[in-house]
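Trainee: A single structure is presented below for examination.
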Amino acid sequence: MNLTDGLNFASKLTLRRVWNACLVLASYYLTRLLRHPVQWGLPFTVSFEPTTACNLRCPECPSGLRAFTRPTGNLRADFFRQTIDELAPKLLYLIFYFQGEPYINPQFLDMVAYAHRRRIYTITSTNGHFLDDDTARRTVESGLDRLIISVDGATQEVYEQYRIGGRLDTVLKGAARVVHWKKRLHSRTPYIVFQFLVVRPNEHQIPDIYRLAQQIGVDEVALKTAQLYNYRHGHPLMPAQERYARYRLTPDGTYELKYPLLNHCWKLWHACVITWHGMVVPCCFDKDAAHPMGSLQQKTFREIWKGEAYQVFRRTLLQGRHQIDICTNCTEGCKVWL
């Protein structure tokens with residue numbers, strides 16, 4: 001976050017939002033002290049899932065693998081507006097992403113614009129294949145605050161080893177169009193980030209991605225470590241340089257998470273995820289919504305957030321994160337961004 005982006009975020013703060021964030025933070029540290037869940041306030045970061053559909057076939061992604069057991073579909077704009085009206089007074093960040101490619105949902109930018117009118121800082125993450133000239137212009141006009149574009153290679157040969165089915169030139173041209181429309185419309189937003197997921201096929205191109213970002217006029221490059229399934233005995237995508245990996249080699253020749261599983265979780269206090277069909281799940285690691293906390297089609301968000309299912313989940317986590325499957329390969333306490 002640079003100065004301009006920081007000032008933009010600060011401009012959306014209200015006393016009510018700051019007070020809610022203070023309550024959440026205080027209850028989290030009190031929970032750690034008491035070893036019993038205390039939950040004040042409402043989450044100040046919420047992720048909405050615009051869609052489960054995706055045009056690519058990335059090998060470590062449930063969307064790419066078409067591996068969901070839960071229902072698939074698109075978030076409806078009327079349902080989104082109804083939910084966000086309940087949450088908006090307390091929200092600091094609104095993330096339009098969980099699984100799938102957000103721009104596939106034809107109402108995606110309308111929802112961004114609605115959140116912008118509610119003066120919420122909005123973020124999305126995209127694979128960048130849908131940023132034609134009209135969509136790039138509408139992205140800027142929507143008021144989107146931060147646009148994260150996945151660019152996991154500096155040449156097509158390297159890029160397509162992870163972004164299977166993708167075209168690097170399409171992504172770079174799309175990013176350039178957004179930069180163009182920012183200048184033409186005299187807009188400070190969106191703040192554009194090239195996200196580079198560091199895996200073995202692309203780690204040698206890290207200097208190149210910085211060069212490409214500078215040429216296009218992107219605001220920032222963010223290197224991200226990769227979550228890998230079945231990492232215990234190594235993985236072909238695991239970077240050769242350990243500093244870029246979430247895992248380390250142990251003396252017996254197997255791999256483990258670099259950081260211990262601590263029996264507390266900040267995400268569970270300040271954030272949550274809402275699937276396209278209104279299911280509230282605890283965090284972005286519950287990709288298949290295997291731990292539903294409740295449905296917004298049946299209850300209000302506050303009822304779910306303060307409800308028994310959430311409290312049981314929080315108590316279980318405090319007793320031992322190893323008991324919860326989605327927590328055993330989690331980034332909490334891990335250096336995700338480099």
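Trainee: For a quick check: with amide H placed at 1.01 Å from N, whose amide H comes under 5 Å from A53's, ignoring anything fewer than 5 positions away on the same chain?
Mentor: Sorted by chain and number, the residues that satisfy this are G73, E101.
Trainee: How much accessible area does I326 have with a 1.4 Å probe, in Å² rounded to the nearest 10?
Mentor: Taking all protein chains as shown, I326 has close to 20 Å².
Trainee: So how much slack lies between L25 and K183, counting 0.36 nm per residue of separation and subtracting their Cα-Cα distance, in nm?
Mentor: 53.1 nm
Trainee: Once you charge only the Cβ atoms, +1 for Lys and Arg and -1 for Asp and Glu, what is the size of the charge dipole of region 1-88 about its Cα centre, to the nearest 20 debye?
Mentor: 180 debye
Trainee: Tell me which residues come under 5 Å, amide H to amide H, from S47 once H is placed; ignore anything under 5 positions away on its chain.
Mentor: Those lying under 5 Å, H to H, from S47 are I95, C272, V273, I274.
Trainee: At a 1.4 Å probe radius, which order do W276, W269, W19, W40 fall into by accessible area, largest first?
Mentor: Ranking W276, W269, W19, W40 by accessible area, largest first, yields W19, W40, W276, W269.
Trainee: Going by Cα centres, region 85-130 and region 151-183 are how many Å apart?
Mentor: Centre-to-centre (Cα) distance: 21 Å.
Trainee: Moving on to the next point. Once the dipole of the chain is set up with Lys and Arg at +1 and Asp and Glu at -1 on Cβ about the Cα centre, which of C330, H264, A290 lies farthest towards its positive end?
Mentor: Going by the charge dipole, the pick is H264.
Trainee: Mind putting a number on the dipole of the chain about its Cα centre? Charges go on the C-beta only, +1 for Lys and Arg and -1 for Asp and Glu, and I need it in Debye to the nearest 20.
Mentor: 880 debye
Trainee: State to the nearest 20 debye the size of the charge dipole of region 101-202 about its Cα centre, where the only charges are +1 on K and R beta carbons and -1 on D and E beta carbons.
Mentor: About 520 debye.
Trainee: Set the bar at 23 Å for Cα to Cα. Now go through K173/K267; K267/K287; K12/K306; K182/K267; K90/K224; K267/K306 and name every pair that lies beyond it.
Mentor: Beyond 23 Å: K173/K267; K12/K306; K182/K267; K90/K224.
The values are calculated or read from the model by the stated rules, or taken from the named source; none is laboratory data. Because the structure is predicted, anything quoted here is derived from the model rather than measured. Neighbour counts run over all protein chains shown; Cβ positions are idealised from the backbone, glycine included. Only protein heavy atoms, including side chains, enter the accessible area calculation; ligands, DNA and RNA are left aside. Shrake-Rupley method; radii C 1.70, N 1.55, O 1.52, S 1.80 Å.
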